[in-house]
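> This is the structure I want to talk about, given as structure tokens.
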Amino acid sequence: MTFSPSQYRLLKSRLTSRYEKEFKSILVALKKAPASELKSWILENKTELAEVTSLKWLFVKQVQTYLFFASAIPKLSLNQGEEFNPLEDEVFEKWNQSEFADVFLKALNKGQSLQKASIQALKVLEEHLVTLAHRQIQKNYRTHKNYRPQTSLGDFTKQGKLLRLLETTLHLEGKELNLMTPNFKEMKNFSHRIEIATKVIRKFSPSSWERFSAFTDLIIPIKQKEFVSYSHQELPGVSMINLYHRDFVDLLDDLLHENGHHHLNYYLNTGTLIKEPPEAIYYSPWRRTLRPLRGIYHAYFTFFWAFKFFSELSAAKEQDSIWYLFSVKEKEKIIWRAVEEYWMLEYVYQDLKTAKAEGLINETGWKLIQEQRKELLKFKKKIPLWEKKLKTHRQELKDLKKVLKENS
């Protein structure tokens, strides 16, 4: 079961084993690589790097990318304008999707060959990685002109200077959660809000708290209105959450949603759950657009946790507690979020069943969905009752059902 603490421990042990294998493969590859500052740093610090952390996982993944480019460069064409072979296509796409696309494309636009453009971009990538290692792993906050600030690791710029967020540790019923903020005022404010939110989660959904405690390690606030929250597969446990423009109910939602991503990413970082055809043929009710299978599979798995929590909170005899008193508006929003997620999850489940029948979802990937489906069906009979309680969200419910019917 994905809900048992023993399963959490098993997932983390699998990630550790995967990391150990990949780090050993990097050391083998480095022996064949030319001398470089990055190579020297890794070999000098290989003992420290041997133990997995979220940050080291990210670093190792980026070093793997560096080694891919380094090994591919001698095989690339020296002539500009020739049609790319499969390896050259792969190299082009990887550069084009990276943080260093600007350096790479600028060199190509000047008429340089794919090989020469890759050599220039690789040098920048190496200088970035060396600085990343010093700043983030050794906590020696040196900078370099080619270092790309890592907002997901606490970097930010102010008046042209590269700075780091302040960090504190929240002690939450046996769970240590790190929080990074720009200043002490926000640290105090956000710490209080997060502590209250976790107490509410723990009271009304103990299993949700167990999952949150297992998978979320660090929260970094984001201030852009257009962003709600996000995380990265290569940085497990780190949640970027908008703590400036969202209310308390949203905070509960965002904490559990990103934790759902971390939970799923533990599986994705250690194995394959689905085949990933690129065609966007599945309608996503969350995005209101067509998405590939990966998009709706991830959405089902992660939005389920909000459904589970808000359903358990809606089913409680009393939603208030000594930690937080919900307003009438917030109580309706809680019910609405449970109802809304129910219908969207039900819609997407039908497409996932079709994908499974087509052999696009493997047994482990399908088992995860089925376990969530089992939990969802526990609340099926309550949905009509909750719908009748809706007032301000009644029209939204009608619109949602209409959109889902039109896209069936």
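> Put a dot 7 Å past each Cα toward the Cβ at K203 and T270; how far apart are the dots in nm?
According to this spin-label approximation, the distance is 3.4 nm.
> Using a Förster distance of 60 Å, how high is the FRET efficiency between K331 and L27, based on the Cβ-Cβ distance and rounded to 0.05?
Efficiency computed from Cβ-Cβ geometry: 0.60.
> Right, another one. Can you give the calculated 222 nm mean residue ellipticity of the chain, where each DSSP H run of n ≥ 4 adds -39,500 (n - 2.57) and the sum is split over every residue, rounded to the nearest 500 deg cm²/dmol?
-19500 deg cm²/dmol
> Ordered by packing density, taken as the mean number of other Cβ atoms within 10 Å over each peptide's residues, highest first, how do 69-75, 199-205 rank?
Going from most to least packed, we get 199-205, 69-75.
> Right, another one. What does the highest-first list of 230-239, 27-36 look like by mean Cβ count within 10 Å?
By packing density, highest mean first, the sequence is 230-239, 27-36.
> Taking 0.36 nm per intervening residue step and subtracting the Cα-Cα distance, what contour gain separates E210 from N96 on full extension?
37.1 nm
> In addition: Please compute the length gained on full extension between R288 and E176, using 0.36 nm multiplied by the number of residues separating them and subtracting their Cα-Cα distance.
Gain on stretching R288 to E176: 36.6 nm.
> Still on this structure: Skipping prolines and chain starts, which residues have an amide H placed within reach, meaning under 5 Å, of the one on L163, given they are 5 or more residues away or on another chain?
Close amide H contacts, sequence-distant or interchain: F156, T157, K158.
> Report Rg(Cα)/(2.2 N^0.38 Å) for the chain, keeping two decimals.
The chain yields a ratio of 1.08.
> If packing is taken as the average number of other Cβ atoms within 10 Å across a peptide's residues, how do 296-302, 150-156 rank, most packed first?
Ranking the peptides 296-302, 150-156 by packing returns 296-302, 150-156.
> Quick one: check the C-alpha center-to-center distance for segment 101-154 versus segment 329-355, whole angstrom.
42 Å
> For segment 306-394, state which GluC sites (Glu not before Pro) are in a DSSP loop and have at most 11 other beta carbons lying within 10 Å of their beta carbon.
E318, E358
> Cut-off 10 angstrom, C-alpha nodes, Gaussian network model of the chain. Which of G160, G271, G111 fluctuates the most?
G160
> What are the membrane-span-like helices in the chain by this rule: whole DSSP H runs, Cα extent along the axis at least 27 Å, mean Kyte-Doolittle hydropathy at least -1.0?
Details: long enough: 5-32 (42 Å, -0.69); 54-72 (28 Å, 0.66); 184-204 (30 Å, -0.48); 248-268 (30 Å, -0.33); 293-315 (32 Å, 0.57); 328-357 (44 Å, -0.61).
Counting only whole DSSP H runs, the qualifying helices are 5-32, 54-72, 184-204, 248-268, 293-315, 328-357.
> Right, something else. Taking the Cα-to-Cβ direction at I119 and at R193 and moving 7 Å from each Cα, how far apart do the two end points lie in nm?
About 5.1 nm, to one decimal.
> Here's a follow-up. If the reach is capped at under 29 angstrom between alpha carbons, list the lysines near K110, excluding any in the same chain fewer than eight residues apart.
Those lysines meeting the cut-off are K75, K94, K123, K145.
> Give the aspartates and glutamates whose C-alpha is closer than 14 Å to that of K139, dropping any in the same chain fewer than 8 places away, or say none.
Cross-link targets: E48, D155, E167.
> Sticking with this structure for a sec: Along Cα→Cβ, 7 Å out, is where each label goes; now give me the distance between the ones at K378 and I137 in nm to one decimal.
4.3 nm
> Against the empirical 2.2 N^0.38 Å scaling, what ratio does the C-alpha Rg of segment 165-265 come to?
0.97
> For W95, W286, what's the fewest-to-most ordering of other Cβ within 10 Å of each Cβ?
Sorted ascending by nearby Cβ count, the order is W286, W95.
> Return the single residue from K388, K275, K46 with maximal mean-square fluctuation; model: Gaussian network over the chain, springs between Cα atoms under 10 Å.
Result for the chain, Cα springs under 10 Å: K388 fluctuates most.
> At 0.36 nm per residue, and after removing the present C-alpha to C-alpha distance, how many nm does the segment from K61 to Y324 gain when stretched out fully?
90.5 nm
> On to the next question. Could you run the Debye sum over the Cα atoms of segment 272-408, one equal point scatterer each and no solvent, and tell me log10 of I(q)/I(0) at q = 0.09, 0.15, 0.21 Å⁻¹, two decimals?
The computed values of log10 I(q)/I(0) come out as -0.30, -0.76, -1.25.
Just so you know, all these numbers are worked out from the coordinates, no wet-lab data involved. Small disclaimer: the values here were computed from a predicted structure and weren't measured. FYI the Cβ positions are ideal-geometry reconstructions off the backbone, even for glycines, and counts take in every protein chain you see.
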